[in-house]
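Everything below concerns the one structure shown next.
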Amino acid sequence: MGGASVSSMRIGAVRAIARRVPGAPREGARVFVLSTAKRPTGAARLMTGWRSGNRWGTRVRASKDDETAVKDDVKRRRAHPLDDETAPSTASTPADRDVADDEPVNLVEEFKRGMDFGNSMKERFTTARIDDRGLPIADALVCVTASVFVATMVLALGIPRPSWLVPAPWVPRWRSLPFLVPAISHGTKLAACWIPGALAARAYESEAYDGSVEEAVSRTVKGGCFAIGILILITQFSLTAQFAAKGMPPPQLGDSYETDLILNGAASELIADSFFEAVALIGWRIVRCKTDIPPDDPSNTRWYD
């Protein structure tokens, strides 16, 4: 009887410890007990029912009742996370994500929001507010000046000329005069890209040049990003047209060594144009923001008066 009472005490202690450990099965679930007692002999062996074929204890698979008890314990922990030392994970499960994805969406409201956004973007071009009517002209002159400055530096330093800096054959060959026409033409193209970008960024409103320097720089950068997108599209169409004129498909990197040279050169020129135009326009907008220039007379409706 002594061996049986010792085993009962050990099982009771293990169950008490199991109730304290988070995640351990509760009462009703059978546990696997490793016996650390010495091997009984003689009458004690007969009284405790110890068998040699099961010397390290008894392991019983959990029954359906045990699985139900474990599930109930998990539900209890989710409902009362503060009752245990370790709170359950709050990470979203696939089931939770499915429920979130199944939430109803008001398609009519979403369509109205999209239409309102599109109309607001269209109004930036159709009904743009230009508080300083001379500012678009000044911006265009800055773009042309930056292009002429780049051409001058390239010719003076002997740097390899970009593809657009080709001397005009009908201009008298006096000093660098034949290069002036392509420089002005290229600057005009960059100005044509900048004007829509400035309209999209509302860079011609008084808040963009009479407010803070941060606001002036912010709107200039936004307009420049829009202008760079237009310049990229123009460059792609131009390269495609050049290759199509020679009966070749649109160029792609890896087609040939010559094609890669042309595409890399176009990308380098695009980066250089974006950099120098950004420096010129941001510098000009900062100067315009810090300069006290009287506003336009609202009664004057003609820009040339």
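The values are calculated or read from the model by the stated rules, or taken from the named source; none is laboratory data. Since we're looking at a predicted model, the values are computed, not measured. Here the Cβ is made from the backbone with ideal geometry for all residues, glycine too, and neighbour counts use every protein chain on show. Just so you know, the surface numbers come from the protein's heavy atoms only, side chains and all, with ligands and any DNA or RNA stripped out. Shrake-Rupley method; radii C 1.70, N 1.55, O 1.52, S 1.80 Å.
Taking the Cα atoms of the range 180-256, report the difference between the largest and smallest coordinate on each principal axis, in whole Å and largest first.
53, 30, 17
Leaving out ligands, DNA and RNA, and with a 1.4 Å probe, what % of the accessible surface on the range 179-251 is carbon or sulfur?
Carbon and sulfur together cover 68 percent of it.
Tally Lys and Arg at +1 and Asp and Glu at -1 over the other residues with C-beta under 10 Å from the C-beta of residue 251: what net charge comes out?
Overall, the nearby charge balance is -3.
Using amide H atoms built in the peptide plane, which far-off residues or other-chain residues are under 5 Å from residue 161 H to H?
When sequence neighbours closer than 5 places are left aside, there are no close amide H contacts.
If r is the Cβ-Cβ distance from residue 242 to residue 152 and R0 is 25 Å, what FRET efficiency results, to the nearest 0.05?
0.40
Output wanted: per-residue J couplings in Hz (rounded whole) for the range 120-134, from phi through Karplus 6.51 cos²θ - 1.76 cosθ + 1.60, θ = phi - 60°, x for Gly and Pro.
These are the phi-based 3J(HN,Hα) values: 5, 5, 5, 5, 5, 9, 7, 10, 5, 9, 10, 6, 10, 5, x Hz.
For the range 217-281, what is the accessible area per residue in Å², given a 1.4 Å probe and the full set of protein chains?
That works out to 62 Å² for each residue.
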